[in-house]
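Working notes for the structure below.
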Amino acid sequence: MSNLRAIAKDSPIPVFYQIYVDIKKRILAHTIQDEEQKLPSERDLAEEYGVSRVTMRQSLAELEKDGIIIRERGRGSFVNETCLLYTSDAADD
């Protein structure tokens, strides 16, 4: 488990929110999604961050609520390319 992402579980910032911020940064840097804009599975992400699937679901739900990702039952989670364009443009200003 030496490849766990750095999450401060003793921080006053909720763990799900720390993961939300980290995944959002990784999406913007194009380092988490594959060429089809698909994210790793919920289970794989939970293992990578060393958290339960419930916590990971909460992080992904926030990303979906904010329009950053689109979740499709049975297929997985995908980066919302439209949102990505707007977010990238805003970061360039």
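Of the residues making up region 2-12, not a single one is modelled with pLDDT of 95 or more and either small (G, A, S) or surrounded by 11 or more Cβ atoms within 10 Å (Cβ to Cβ) (or both). Filtering region 17-47 to residues that are assigned to a helix (DSSP H, G or I) and buried (at least 19 other Cβ atoms within 10 Å of the Cβ) leaves Q18, I19, Y20, I23, I27, L45, A46. For region 61-83, the set of residues classified as assigned to a loop (DSSP other than H, G, I, E, B) and in contact with a helix residue (DSSP H, G or I) (Cβ under 7 Å, 6 or more places away or on another chain) consists of G67, I68, listed by residue number. For region 48-85, the set of residues classified as polar (S, T, N, Q) and open to solvent by less than 70 Å² (accessible area, probe 1.4 Å) consists of S52, T55, S59, S77, N80, listed by residue number.
Of the residues making up region 48-60, those that are assigned to a loop (DSSP other than H, G, I, E, B) and touching a helix residue (DSSP H, G or I) at 6+ places or on another chain (Cβ under 9 Å) number 2.
The values are calculated or read from the model by the stated rules, or taken from the named source; none is laboratory data. As the structure is a computational prediction, the values presented were derived from the model and not from experiment. Counting neighbours? That spans all protein chains shown, and the Cβs are built from the backbone with ideal geometry, glycine included. In case anyone asks, the SASA skips ligands and DNA or RNA and just uses the protein heavy atoms, side chains included. Shrake-Rupley method; radii C 1.70, N 1.55, O 1.52, S 1.80 Å.
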